[in-house]
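K.L.:
Below: one structure in structure tokens.
The values are calculated or read from the model by the stated rules, or taken from the named source; none is laboratory data. For clarity, every value in this text was computed on a predicted model and none was experimentally measured. As a convention, Cβ positions derive from the backbone with ideal geometry for all residues, glycine included, and neighbour counts pool all protein chains shown. Please note that ligands, DNA and RNA were not included when accessible areas were found on the heavy atoms of the full protein model with its side chains. Shrake-Rupley method; radii C 1.70, N 1.55, O 1.52, S 1.80 Å.
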Amino acid sequence: MGDVLLALSIPVLVFGGGIYAACDCWWRRRHPAPPSPYTHRAARLAEQDMLMLAQEIVDDAYAALGPLYDAPAASSAPGPDGPPAALSSRPSRPASTPDRAPSPPAAVQKP
């Protein structure tokens with residue numbers, strides 16, 4: 001009789017483990033854990049560090065290559081030495097302001 005009980009206890013334990021796993025999965029889907037504020041804070045700090053690094057890279061690149069993009073002040077009239085007529089009709093870009101406030105986020109468009 002002991003061998004029969006031992007042989008039948010294995011499927012009962014496997015079946016019970018499956019029932020427990022199914023109930024645990026159902027419970028976790030219905031009651032998810034709240035997000036950790038420390039995780040969100042760490043993500044915000046990492047994002048700020050990344051933005052500061054990107055701003056430094058852009059500022060360094062503009063400092064190095066900015067004179068190439070500035071409009072020539074001496075010859076603004078189109079001609080053989082001036083800019084082409086197609087480019088002279090466009091207004092020049094304003095100078096970059098590194099301490100400008102960030103722009104507001106774009107509106108969400110629903111399809």
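K.L.:
Roughly speaking, to the nearest percent, how much of region 11-67's 1.4 Å accessible area is carbon and sulfur?
P.N.:
The nonpolar share, carbon plus sulfur, comes to 70 percent.
K.L.:
Now for a separate question. By the scheme Lys and Arg +1, Asp and Glu -1, what is the net charge of all other residues having a beta-carbon under 13 Å from that of Leu51?
P.N.:
Result for the neighbourhood of Leu51: -3.
K.L.:
How much net charge surrounds Pro35 when only the other residues with a Cβ under 15 Å from the Cβ of Pro35 are counted, with Lys and Arg +1 and Asp and Glu -1?
P.N.:
So the surrounding residues net to +3.
K.L.:
Using a 1.4 angstrom probe with every protein chain in place, what is the largest-first accessible-area order of Ser36, Ser103?
P.N.:
Sorted descending by solvent-accessible area, the residues read Ser103, Ser36.
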